[in-house]
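Here is the structure we will look at.
The values are calculated or read from the model by the stated rules, or taken from the named source; none is laboratory data. In this text the structure is predicted, and so the values were computed from the model without any measurement. Neighbour counts are summed over all protein chains in view; Cβ atoms, including those assigned to glycine, are modelled from backbone coordinates with ideal geometry.
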Amino acid sequence: MDIAELYETLYQESRQKFLAGNYQVDARIDDPLDTRRGLTLILRPDASVGESVQRFLRDLQNIEPRQYCYPQSDVHITVMPIISCIEGFTLSSLPIDRYIQRIDAALRGISPFCIDFSGITASPSCILVQGFPRDSSLKKIRDLVRTAFAAGNLYQTLEQRYPMRTAHATVCRLKEKLQDQSAFARFLHAHRHREFGTFMVKELELVFNDWYLRKEHLQVLHRFSLYPEK
């Protein structure tokens, strides 16, 4: 199954759940006692594409104003969750410099690459913008990072996850019951093929983050510039 087929399958399955009222609500979004934290390698769309996403979310909020929509500062694509979010996790015992060195070595020689943000899909609790890399660079990065951490003794949770295949950005999470699930499903259908633009990925960020990668809880540990080997 290619990435477009995967997005389509997710959309169709989730749309039926929205219509049937079998969707999921995230009750922890506003929980001030949520201590889930992780270590994640991410990339971000540029400002123009980010604003295009925000226009879509403003349209969405016209029909579902009480759901959690990501501000532009928080929209991202997860490249690799080095350490998945764990209750009470802190950086105090981690040799962060070694994580940075490991990732930097893995990224050596990777050139900037393009991602098209085209269309939306969904999970039973989220709305996602579909990302389509124009070449195999993102897959290569993921493979290289996974291999780099498999070869050492640094703490990580990569072996607990299936290999990541998509390049989506989660942009809305359901935190309350839908006001009108049929209207919500119609809105998603109307915007299924909405275009958001194309951006060039020139750098990745290693961040210490909460579950939602909110700016107020996020610490950028290092930025990795992409450049080809000479």
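Is it the case, given these coordinates, that residue 184 is aromatic (Phe, Trp, Tyr), part of a helix (DSSP H, G or I) and in contact with a Phe, Trp or Tyr (Cβ under 8 Å, 6 or more places away or on another chain)?
Answer is yes for this residue.
Taking residue 149, is it among the aromatic types (Phe, Trp, Tyr), at pLDDT 95 or above and either outside any strand (DSSP E or B) or under 23 Å from residue 86 (Cβ atoms) (or both)?
Answer is no for this residue.
Please give the number of the condition residue 155 fails out of (1) modelled with pLDDT under 95; (2) touching a Phe, Trp or Tyr at 6+ places or on another chain (Cβ under 6 Å).
Against the list (1) modelled with pLDDT under 95; (2) touching a Phe, Trp or Tyr at 6+ places or on another chain (Cβ under 6 Å), residue 155 comes up short only on (2).
Within region 53-65, work out how many residues are surrounded by fewer than 18 Cβ atoms within 10 Å (Cβ to Cβ) and within 15 Å of residue 117 (Cβ to Cβ).
2
Does residue 147 meet the test of being without any contact (Cβ under 8 Å) to a residue 60 or more places away in the chain and either hydroxyl-bearing (Ser, Thr, Tyr) or more than 18 Å from residue 39 (Cβ to Cβ) (or both)?
Judged against the criteria, residue 147 is a match.
Taking into account only those residues within region 123-178 that are surrounded by fewer than 16 Cβ atoms within 10 Å (Cβ to Cβ) and of a type in the set (Val, Ile, Thr), which is nearest to the chain's Cα centre (by Cα)?
Per the stated criteria, the residue is 157.
Would you check if there is a residue in region 104-117 being of a type in the set (S, T, N, Q) and either buried (at least 20 other Cβ atoms within 10 Å of the Cβ) or in a loop (DSSP other than H, G, I, E, B) (or both)?
yes
Could you run through region 1-40 and say how many residues are crowded, with 17+ Cβ neighbours inside 10 Å, of a type in the set (A, V, I, L, M) and out of contact with any Phe, Trp or Tyr (no Cβ under 8 Å at 6 or more places or on another chain)?
Summing the residues that are crowded, with 17+ Cβ neighbours inside 10 Å, of a type in the set (A, V, I, L, M) and out of contact with any Phe, Trp or Tyr (no Cβ under 8 Å at 6 or more places or on another chain) in region 1-40 gives 1.
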